[in-house]
Amino acid sequence: MAEYTMHILVCGGTGCKASQSELIKSNFKTRLNEYGLSDEIQVILTGCFGFCEKGPIVKILPDNTFYTQVTPEDVSEIIDEHIIKGRQVERLLYKDPETQKTVSTANGMDFYKKQIRIALRNCGFINPENIEEYIGRDGYGALGTCLTEKSPEDVIRIVKESGLRGRGGGGFPTGLKWELTRKSVSDQKYVVCNADEGDPGAFMDRSILEGDPHSVIEAMAICGYCIGADKGLVYIRAEYPLAIERLKIAIRQASEYGLLGDGILGTDFNFSIEIRYGAGAFVCGEETALIHSMEGHRGEPSVKPPFPAEKGYNGKPTNVNNVETFANIPVIINKGSAWFASIGTEKSKGTKVFALAGNINNVGLIEVPMGITLREIIYDIGGGIKDGREFKAVQTGGPSGGCLTKSFLDTPIDYDNLVAAGSMMGSGGMIVLDDTSCMVAIAKFYLEFTLDESCGKCTPCRIGNKRLYEILEKITDGKGTKEDLSRLRMLSNVIKDTSLCGLGQTSPNPVLSTLDHFYDEYLAHVTTSSCPAGQCKALVHYTIDAEHCTGCTLCFRNCPVGAISGEKRSPHYIDQSLCIKCGVCFEKCKFDAVLIA
Amino acid sequence: MPGIKLSEKTIGQIKTICSDFGNQGSELINVLHQVQGKLGYLPAEVQEVIAKELNISVAKVYGVVTFYSYFTMIPLGEFPISICMGTACYVRGSEQVLAEFKRQLKVEVGQSTPDGQFSLNCLRCVGACGLAPVVMVGEKVFGRVSPQMVKNIIADYKEGTAGEAKSA
């Protein structure tokens, strides 16, 4: 193997790949070849760096220079200047929006300063397709320690003491789950990794599998050792082709290195992993539904108990954990439970990965200690609200969660505080909303999702959510009444109380939490037929203020349906019968002459 | 939908896939993935063959196909267009983008244009939230799409110049 003096890391996360990062990588390779430097400088496509807003990202080692928004055309300059002459390319460095100073390394950026990376420790650092790079960063060390120095009971005790809770949504203590499965007596047990990330707006599991697949494999093997299973299954979304490919490569390499298979590391422990494909069903995130799906059935949940720990896949005891949960395990073993438990709050230990998105400046994947406040996430890491607008709410927990308002900005975030605030941790989607978002429309958006994803097995979820949706539709169409608001609340509570699985039991949360925190907004819809945020199409009319209109024709040229007419330099006019209320004229007008009524 | 006559070759392909999975009913989802990968979609006639091979009822196969959003019973267009309806894209205006695609193509979600060139679908989060709103045409991802860009995206594919179009 060649000894490299420099490494060029190109982000291969989904966002950056969509912005041609593969071409950037191949341009680097071609250019290095021309200089005859291919043996000295290595170019690798890594997993997600997290700072998606500024992608594609290129990092140069050993000096840690962090280039943002790199295009394939920039490659020559980086090589000629940075690699050959040792001078950083200033214009591609991150510029602090406040001080306007350039920052050349990730550590100096506000986006990274408050983050602690445990689950994402290797994402953006290693080549996920090379097991040796994982091993080089303590990889498989934890598995070795467990197999040779610790009994399964010891390991379970460590996981329990660490306080790690399930990162997929429920927050069930991981160590306890392992212990329950260990206690079930059976000739065959299974370890299942839930990689069926279904929350729209969350992509941490995918990023871990794409950026650091071995951490999940190692943790599954450790889990197998603890519960007495020799078989692992990864249930992954078929929509994640890159994650699947990297996982396959990782499983193959681990088998070649004797880290999977029979007699692992010279012990009598056997463990192998297979991949099962999900086919797009949100409810399959629920563990009993997931198990049914793996067995080839419709992914409908069943009543618990029996819990999978007693009777799961093929009727055998099965331990189901999500990707992020697993990714924490090797570090906990390596650094100890006390270290892990020192991070976070009393009942929520460690860190949590959030997919920060929506109307925020720094969209990306972040990992923060439990107990951090929303304010720190939104303003310090996230860089504040886009376009200088007003913060309105943040939605956590996806379709099962709720909205947190300004009054929660200083609440420490952990499992219990979020539930107390009427939301939940969920898998870690964090969508920031500004004052242009209508909360009724947001509730409707989530309900439409649940409606789509309800499996139809139990009545409250199947029919109740449909009725909820219809009422919300009525309200956003301006036809709602005040009675509808109390009906919404009553029906929501019935659905919560009587649905079979977690999907139905939490589906009314977006409705209830917006009703609680934004009742005035609902009231405006039903009493004055107006949408304060100006989002509900049926309640909004765009008109042009003749006094302010300069006749610049910008709106006329941008209107996609030709609804605007008028002569140059004289006031324009919107034909309401043609207007589709897309709002483009409003956005484009430089003179505030387009009015929303 | 009018009935489709499957060719002997197609039936042979389906049978091979089924036997690759040991004709096991429990492998149904894997079989469906493979068959859809080969044929592009799973019409009723194909489901009948699979049911027979795996020795399970057609109703069971149909139940599974219709349960999961990844499986489709209608052929996709030559250029399948998917609008991301994940939350991040939604709050950045994907609804307007979708409306514009519907208007331009004159189809509803889940339909194809009569010439079979385009089909329109929604999907949930492709994980490129930094580029929201996101539209996928085949494997290609278009980021920060505004309703005004829709016309050009469609035109690029119609004229066959899509390869040169900038993606983000």
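The values are calculated or read from the model by the stated rules, or taken from the named source; none is laboratory data. Predicted model only: the values in this text are computed from it and were never measured. Methodologically, a virtual Cβ is constructed for each residue, glycine included, from the backbone with ideal geometry; neighbour enumeration extends over all protein chains shown.
What are the residues in the stretch A:234-265 that are β-branched (Val, Ile, Thr) and either over 29 Å from the mean Cα position of the chain (by Cα) or not assigned by TED's automatic domain parsing to the domain that holds A:Val283 (or both), if any? First the steps, then the outcome.
Taking the stretch A:234-265 first, the residues β-branched (Val, Ile, Thr) are A:234, A:236, A:244, A:249, A:251, A:264.
Answer for the stretch A:234-265, where residues must be β-branched (Val, Ile, Thr) and either over 29 Å from the mean Cα position of the chain (by Cα) or not assigned by TED's automatic domain parsing to the domain that holds A:Val283 (or both): just A:Ile264.
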Filter result for the condition that a residue is within 22 Å of A:Thr105 (Cα to Cα) and free of Cβ contacts under 8 Å to residues at least 60 places away in the same chain, over A:Gly50, A:Gly15 = A:Gly15
Conditions (1) within 14 Å of chain B (Cβ to nearest Cβ); (2) closer than 20 Å to B:Ala128 by Cα: number failed by A:Ile377 = (1)
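Would it be correct to say that A:Gly280 is more than 24 Å from B:Asn30 (Cα to Cα) and surrounded by fewer than 24 Cβ atoms within 10 Å (Cβ to Cβ)?
no
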Subset of the stretch A:47-66 (residues that are assigned to a loop (DSSP other than H, G, I, E, B) and over 22 Å from the mean Cα position of the chain (by Cα)) | A:Pro62, A:Asp63, A:Asn64
Would you pick out the residues in the stretch A:506-523 that are part of a helix (DSSP H, G or I), out of contact with any Leu (no Cβ under 9 Å at 6 or more places or on another chain) and buried (at least 18 other Cβ atoms within 10 Å of the Cβ)?
-> A:Thr506, A:Asn509, A:Thr514, A:Glu521
From the list A:Lys496, A:Lys479, A:Lys466, A:Lys474, which one is more than 22 Å from the chain's Cα centre (by Cα) and outside any helix (DSSP H, G or I)?
-> A:Lys479
Among (1) within 14 Å of chain B (Cβ to nearest Cβ); (2) closer than 27 Å to A:Glu210 by Cα; (3) not small (Gly, Ala, Ser), which single condition is A:Lys392 missing?
-> (2)
Among A:Ile378, A:Ile333, which is the only one that is under 20 Å from B:Val91 (Cβ atoms) and of a type in the set (A, V, I, L, M)?
-> A:Ile378
Could you pull out the residue among B:Cys129, B:Cys84 that is buried (at least 21 other Cβ atoms within 10 Å of the Cβ), at pLDDT 90 or above and under 18 Å from A:Ala202 (Cβ atoms)?
-> B:Cys84
Check off (1) among the small types (Gly, Ala, Ser); (2) in contact with a strand residue (DSSP E or B) (Cβ under 7 Å, 6 or more places away or on another chain); (3) on the phi > 0 side of the Ramachandran plot for A:Ala119 and give me the number that stays unchecked.
-> (3)
List the pairs whose first member sits in the stretch A:511-539 and is under 24 Å from A:Leu595 (Cα atoms), whose second member is part of a helix (DSSP H, G or I) and hydroxyl-bearing (Ser, Thr, Tyr), and whose Cβ atoms are under 6 Å apart, counting only residues at least 6 apart or on separate chains?
-> A:Cys536/A:Thr476
When (1) buried (at least 23 other Cβ atoms within 10 Å of the Cβ); (2) more than 12 Å from chain B (Cβ to nearest Cβ) are applied to A:Asp196, the one that fails is (2)
Pairs where the first residue, in the stretch A:270-289, is assigned to a helix (DSSP H, G or I) and the second is among the hydroxyl-bearing types (Ser, Thr, Tyr), C-beta under 7 Å, 6+ apart | A:Cys284/A:Ser293; A:Thr288/A:Ser302
Helices (runs of 4 or more DSSP H) within the stretch B:34-133 that include 2 or more residues in contact (Cβ under 8 Å) with a residue 24 or more places away in the chain and more than 19 Å from the chain's Cα centre (by Cα) | B:44-54, B:87-91, B:94-105
Breaking point among (1) within 14 Å of chain B (Cβ to nearest Cβ); (2) touching a Leu at 6+ places or on another chain (Cβ under 6 Å), for A:Glu73 = (2)
In the stretch A:318-358, how many are among the acidic types (Asp, Glu) and surrounded by 24 or more Cβ atoms within 10 Å (Cβ to Cβ)?
-> 1
Being acidic (Asp, Glu), out of contact with any Phe, Trp or Tyr (no Cβ under 8 Å at 6 or more places or on another chain) and over 25 Å from A:Asp268 (Cα atoms) narrows it down to one of A:Glu153, A:Glu132, A:Glu161, A:Glu149, so name that one.
-> A:Glu161
Unmet criterion (only one of (1) part of a loop (DSSP other than H, G, I, E, B); (2) farther than 23 Å from A:Glu367 by Cβ) for A:Gly144 | (1)
What number of residues within the stretch A:428-469 are under 24 Å from A:Lys386 (Cα atoms), buried (at least 18 other Cβ atoms within 10 Å of the Cβ) and not β-branched (Val, Ile, Thr)?
-> 13
Answer from A:Lys113, A:Lys101 - the residue that is free of Cβ contacts under 8 Å to residues at least 24 places away in the same chain and charged (D, E, K, R) | A:Lys101
Test for A:Gly171: is it at pLDDT below 95, closer than 30 Å to A:Glu346 by Cβ and either within 14 Å of chain B (Cβ to nearest Cβ) or surrounded by fewer than 24 Cβ atoms within 10 Å (Cβ to Cβ) (or both) | yes
Check A:Phe354 against each of (1) within 19 Å of A:Tyr112 (Cβ to Cβ); (2) touching a Pro at 6+ places or on another chain (Cβ under 9 Å) and name the one condition it does not meet.
-> (2)
Under the condition of being crowded, with 17+ Cβ neighbours inside 10 Å and either more than 12 Å from chain A (Cβ to nearest Cβ) or without any contact (Cβ under 8 Å) to a residue 40 or more places away in the chain (or both), which residue from the stretch B:138-147 is nearest to the chain's Cα centre (by Cα)?
-> B:Val141
Subset of the stretch A:223-253 (residues that are assigned to a strand (DSSP E or B), basic (Lys, Arg) and either within 16 Å of A:Gly12 (Cα to Cα) or modelled with pLDDT of 95 or more (or both)) = A:Lys231
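Each row is one residue, and each column tells you yes or no for (1) of a type in the set (Lys, Arg); (2) within 12 Å of chain B (Cβ to nearest Cβ); (3) within 26 Å of A:Gly426 (Cβ to Cβ); (4) touching a helix residue (DSSP H, G or I) at 6+ places or on another chain (Cβ under 8 Å).
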| position | (1), (2), (3), (4) |
| --- | --- |
| A:Asp230 | no, no, no, yes |
| A:Leu242 | no, yes, yes, yes |
| A:Gln253 | no, no, no, yes |
| A:Gly261 | no, no, no, yes |
| A:Gly278 | no, yes, yes, yes |
| A:Phe282 | no, yes, yes, yes |
| A:Glu286 | no, no, yes, yes |
| A:Pro317 | no, no, no, yes |
Condition test on A:Tyr519, is it of a type in the set (Phe, Trp, Tyr), within 30 Å of A:Tyr469 (Cα to Cα) and away from chain B (no Cβ under 14 Å)?
-> yes
Could you list, in sequence order, all residues of the stretch A:117-157 that are under 15 Å from A:Gln253 (Cα atoms) and of a type in the set (Asp, Glu)?
-> A:Glu129, A:Glu132, A:Glu133
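State whether the residues of the stretch A:215-229 include one that is touching a residue at least 12 places away in the same chain (Cβ under 8 Å) and surrounded by fewer than 21 Cβ atoms within 10 Å (Cβ to Cβ).
Kept after step one, since they are touching a residue at least 12 places away in the same chain (Cβ under 8 Å), are these residues of the stretch A:215-229: A:215-229.
After this cut, where a residue has to be surrounded by fewer than 21 Cβ atoms within 10 Å (Cβ to Cβ) as well, the list is A:228.
Within the stretch A:215-229, one or more residues are touching a residue at least 12 places away in the same chain (Cβ under 8 Å) and surrounded by fewer than 21 Cβ atoms within 10 Å (Cβ to Cβ).
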